[in-house]
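K.L.:
Starting off with a structure, shown below.
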There are 2 protein chains.
Amino acid sequence: MQMKTGVEQSVYAILILNMLPDKAVLPGEAISQQLGASPTYFQKLLRKLVSANLITSVPGVKGGFKLRKKAEDIRIYDIYLAIEGQQSLYSSSGVMHGMLDLEEEGCCLLTDLMQEAESSWQTVLKRQTIASLYEEINVGYQPKVQLLQQWIKEKMVM
Amino acid sequence: MQMKTGVEQSVYAILILNMLPDKAVLPGEAISQQLGASPTYFQKLLRKLVSANLITSVPGVKGGFKLRKKAEDIRIYDIYLAIEGQQSLYSSSGVMHGMLDLEEEGCCLLTDLMQEAESSWQTVLKRQTIASLYEEINVGYQPKVQLLQQWIKEKMVM
DNA sequence: ATAAAGTGGATAATTATTATCCGCGTTATA
DNA sequence: TATAACGCGGATAATAATTATCCACTTTAT
């Protein structure tokens, strides 16, 4: 039971897009290269972020991706949800039904507890936004962030 | 990202073992049958529960499994941990390293948040015990539980 | 001795996740 | 208006995780 690596990649991708000047756009391949992700699969992740309305895509020669929302309006949870989907961490496989020979389907003693646990988990993921991560990275890694900014200027298209 | 079905099966297995008279023991195959689980794989799950000191096994002709702890001392979390292992839901894949070209390995902006989220999730799983589930099942499904008790008396060995 | 149980290792089957490929639509620009 | 660089979506393959099976072994009641 492990979170998909796509969630982490997406978070950093969005962090990069957040450094992009307004109106500018960054090709998917450039991002995937910088993150060391497989280009084709990473494109799929970007699609999910587009579907979730977190980023927008621009087709054509000077196309690419950019943020759709402000950094303070993108919670880690939003990205998690976009990539992992809304299926819950736990779903009963109906063991109770067999054990007690019940008529009704789908009843399980664990459902409520698990739902509560998941809510609790999600609540924490809703606490932090891209804006707060951006601040954190700026404070802790200023020189490296400067270099990244430089790279973005080279790769972006307007 | 889904919890293993083995966790649910294990919870109900332990619930069954909890209805067992003291000193009695129940063969693994009987349990797996009642739960509709694959016998051989279910045996592996039982092994994990033994390793986690939640149940004990007795080899030999009149062998089987029984609880090692009292129902009120077995939290859902203990079972979850026994089956899923202690690896966390999230582990960084080092994307940040590539993005910022850092020297240090293993630093990730998400680690703290994810750790906190997971703790929060675990806390909820620690709230409920086998004892409380047993009570719940007794209140809601009394007649069916009676039948289960009957079945246990048939299958158990002392 | 034998049969019924658990143990541990090797291995296969299944499912989920990650990755690639290709043909298509869109758009800047030569 | 042709072309090249990009995103889009579907099909498919490769890899990894999970679930399942098999077998030789130990233990123990009868």
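The values are calculated or read from the model by the stated rules, or taken from the named source; none is laboratory data. A quick note: this is a predicted structure, and the numbers were derived from the prediction, not measured. Glycine also receives a Cβ, built like all others from the backbone with ideal geometry; neighbour counts cover every protein chain displayed. Ligands, DNA and RNA are stripped out before the accessible areas are found, and what is left, the full protein with its side chains, is counted by its heavy atoms. Shrake-Rupley method; radii C 1.70, N 1.55, O 1.52, S 1.80 Å.
K.L.:
Filter segment B:44-57 down to residues that are open to solvent by 60 Å² or more (accessible area, probe 1.4 Å) and either within 9 Å of DNA strand C (Cβ to nearest atom) or in contact with an Asp or Glu (Cβ under 8 Å, 6 or more places away or on another chain) (or both), then give me how many there are.
P.N.:
Adding up the residues that qualify gives 3.
K.L.:
Consider A:GLU84 carefully, then state whether it is facing chain B (nearest Cβ under 7 Å) and surrounded by fewer than 21 Cβ atoms within 10 Å (Cβ to Cβ).
P.N.:
Taking the combined requirement at face value, the residue satisfies it.
K.L.:
Separate question: Can you pull out every residue in segment A:1-19 that is open to solvent by 30 Å² or more (accessible area, probe 1.4 Å) and away from DNA strand C (no atom under 15 Å from the Cβ)?
P.N.:
Passing the criteria: only A:ASN18.
K.L.:
While we're on this one: State yes or no: is A:VAL139 under 30 Å from B:THR111 (Cβ atoms), more than 10 Å from chain B (Cβ to nearest Cβ) and either in contact with a Phe, Trp or Tyr (Cβ under 6 Å, 6 or more places away or on another chain) or surrounded by fewer than 18 Cβ atoms within 10 Å (Cβ to Cβ) (or both)?
P.N.:
yes
K.L.:
Filter segment A:69-92 down to the residues that are of a type outside the set (A, V, I, L, M) and over 14 Å from the mean Cα position of the chain (by Cα), then identify the one that is modelled with the lowest pLDDT.
P.N.:
Ranking the qualifying residues of segment A:69-92, first place goes to A:SER88.
K.L.:
Filter the helices (runs of 4 or more DSSP H) completely within segment A:1-106 down to those with at least 3 residues that are more than 30 Å from B:GLN122 (Cβ to Cβ).
P.N.:
It comes to A:5-18, A:28-35, A:39-51.
K.L.:
Out of B:GLU72, B:GLU105, I need the residue that is away from chain A (no Cβ under 11 Å), more than 30 Å from A:GLY94 (Cα to Cα), surrounded by fewer than 21 Cβ atoms within 10 Å (Cβ to Cβ) and not aliphatic (A, V, I, L, M). Which one?
P.N.:
Being away from chain A (no Cβ under 11 Å), more than 30 Å from A:GLY94 (Cα to Cα), surrounded by fewer than 21 Cβ atoms within 10 Å (Cβ to Cβ) and not aliphatic (A, V, I, L, M) holds for just one of B:GLU72, B:GLU105, which is B:GLU105.
K.L.:
Regarding A:LYS66, is this residue basic (Lys, Arg), at pLDDT 95 or above and open to solvent by less than 80 Å² (accessible area, probe 1.4 Å)?
P.N.:
Yes.
K.L.:
Here is a follow-up. Kindly check whether there is at least one residue in segment B:118-131 that is over 25 Å from B:ASP78 (Cα atoms) and within 9 Å of chain A (Cβ to nearest Cβ).
P.N.:
no
K.L.:
Further, regarding this structure: Can you tell which of A:VAL95, A:VAL61 is within 16 Å of DNA strand C (Cβ to nearest atom), over 15 Å from the mean Cα position of the chain (by Cα) and either within 13 Å of chain B (Cβ to nearest Cβ) or open to solvent by 20 Å² or more (accessible area, probe 1.4 Å) (or both)?
P.N.:
On inspection, the qualifying residue turns out to be A:VAL61.
K.L.:
In the list B:GLY106, B:GLY140, B:GLY94, B:GLY85, which residue meets the criterion of being on the phi > 0 side of the Ramachandran plot and either away from DNA strand D (no atom under 16 Å from the Cβ) or touching a Cys at 6+ places or on another chain (Cβ under 6 Å) (or both)?
P.N.:
Unique residue meeting the criteria: B:GLY106.
K.L.:
Here's another thing I want to ask about it. Within segment B:20-39, which residues are free of Cβ contacts under 8 Å to residues at least 24 places away in the same chain and either touching a helix residue (DSSP H, G or I) at 6+ places or on another chain (Cβ under 6 Å) or within 7 Å of DNA strand C (Cβ to nearest atom) (or both)?
P.N.:
B:GLU29, B:SER32, B:GLY36, B:PRO39
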